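The next block holds one structure in the form of structure tokens; read it before the comments.
Read-outs: derived from the displayed coordinates by stated rules, not from any lab. Keep in mind the model is a prediction, meaning the values are calculated, not measured. Every residue, glycine as well, gets a Cβ built from its backbone with ideal geometry; the counts of neighbours run over all protein chains shown.
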Amino acid sequence: MKDTEQENKPFTKKTRTCRQFNPWILYAAAIAFLFLLTAYTLITAWEKPIDALLFHTRYTARASFILFLLPFIARPLAQLVNIPATQWLLCNRRTLGLTFAICMAGHFVPTMILLAIEEEASDIVTLILGPIVYFFVALMALTSFDKYKRKAGRHWRTLHSTGNYLILSILIFSYAYVFFVGAETLEEFGGSVTSSPLHNIFLFIIGITLLIRVAAWLKTVRA
Ligand code: HEM
């Protein structure tokens, strides 16, 4: 699972070699996190099963949020600031992306149990967009392996950028909806995401991420 030469291509003359992180450390950490979260959910589920499942979905979603944004921002950030930290991120974005897919699988299981117990656990947008996003996450994870990347050929880039923006749109929806509509109104409409002050911070982070991508794009266009 080594990154291809294309992905590691430098942007400026100031080329720096990057360090590949052992991917198994991150995969093992993600799996350990999911085990601990599941153990905690099972212990607390006896008293309040819905709350326990919501807790699980919330934290798998939050871990996925971070693990999605890091590889999503890696290339534009390295284009703007070519330092070892941004090169490290760029070199290891495949590992981060696959760890994101592991956490998304961790989000899938409790959400399905929740839906089985409580039909109104989710809103209509998530119910429509969610399965499409999961389909893309699975395809993106599969085609991040060199063998399947070659098979995807020229469609690889289209697949990954479409998938990335679909994931981003469900993240923005999950956080912005509560922010703009308000938790009470959301509940009236059978909304899923419980309001939290952290959502404003997550929205702010998404905004910064988009600004960085635009800045990197402008730099490329003007070059
Ligand atoms: C059919 C598929 C899905 C269902 C049924 C579903 C359902 C849920 C539920 C029930 C919650 C917890 C709500 C609460 O805290 O009250 C949640 C939270 C969330 N989900 Fe999903 N989800 C799905 C797919 C996805 C996907 C594909 C993503 C994005 C990659 C995503 C991102 C989020 C986010 C960002 C949160 C909020 C976490 C937080 O509070 O910080 N979900 N989802």
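Assorted remarks:
- Counting other Cβ atoms within 10 Å as a rough exposure proxy, the listed residues Arg58, Arg154 run Arg154, Arg58 from fewest neighbours to most.
- Annotation: the stretch 79-143 has a Kirkwood hydrodynamic radius of 14.0 angstrom, from the mean reciprocal C-alpha pair distance.
- Packing-based exposure ordering (other Cβ within 10 Å, fewest first) of Arg213, Arg93, Arg157, Arg222: Arg222, Arg157, Arg213, Arg93
- Shown for Ser64, Ser161, Ser196: other C-beta atoms within 10 Å of each C-beta, ranked fewest to most, produce the order Ser161, Ser196, Ser64.
- 0 to 90° range, to nearest 10: angle between helix 93-117 axis and the chain longest Cα axis: 10 degrees
- Total lysine pairs under 21 Å (Cα atoms) in the chain, excluding pairs fewer than 8 apart on one chain: 8
- Working from Cα pairs under 8 Å separated by at least six residues, relative contact order for the stretch 23-222 is 24 percent.
- Computed over the chain, Kirkwood Rh from alpha-carbon pairs, angstrom: 18.8 Å
- Positive-end residue, the chain charge dipole about Cα centroid, Cβ charges, pick of Pro84, Leu139, Ala105: Pro84
- Counting only DSSP H runs of at least 4 residues, each contributing -39500 (n - 2.57), and dividing by the residue count of the chain, the helix-based mean residue ellipticity at 222 nm comes to -26500 deg cm²/dmol.
- For the peptides 109-118, 167-176, 31-40, the ranking by mean Cβ contacts within 10 Å, running from highest to lowest, is 167-176, 109-118, 31-40.
- The modelled label-to-label distance for the pair Phe179/Ile50, using points 7 Å beyond Cα in the direction of Cβ, is 2.7 nm.
- In degrees, nearest ten, helix 198-222 long axis to first principal axis of the chain (Cα): 20 degrees
- In this rough spin-label picture, where each label sits 7 Å from Cα along the Cβ direction, the Leu211-Phe145 distance is 4.0 nm.
- Scalar couplings 3J(HN,Hα) for the stretch 27-39, obtained by applying the Karplus form with A = 6.51, B = -1.76, C = 1.60 to θ = phi - 60°, are 4, 5, 5, 5, 5, 4, 4, 5, 5, 4, 5, 5, 4 Hz; x denotes Gly and Pro.
- For the stretch 23-222, a simple Cβ point-charge model (Lys and Arg +1, Asp and Glu -1, everything else neutral) yields a dipole of about 1660 debye relative to the Cα centre.
- Extension gain (nm, one decimal) between Leu218 and Ile43, 0.36 nm per residue minus Cα-Cα: 57.9 nm
- Projected label points at His155 and Ile124, each 7 Å from Cα along the beta carbon direction, are separated by 3.1 nanometres.
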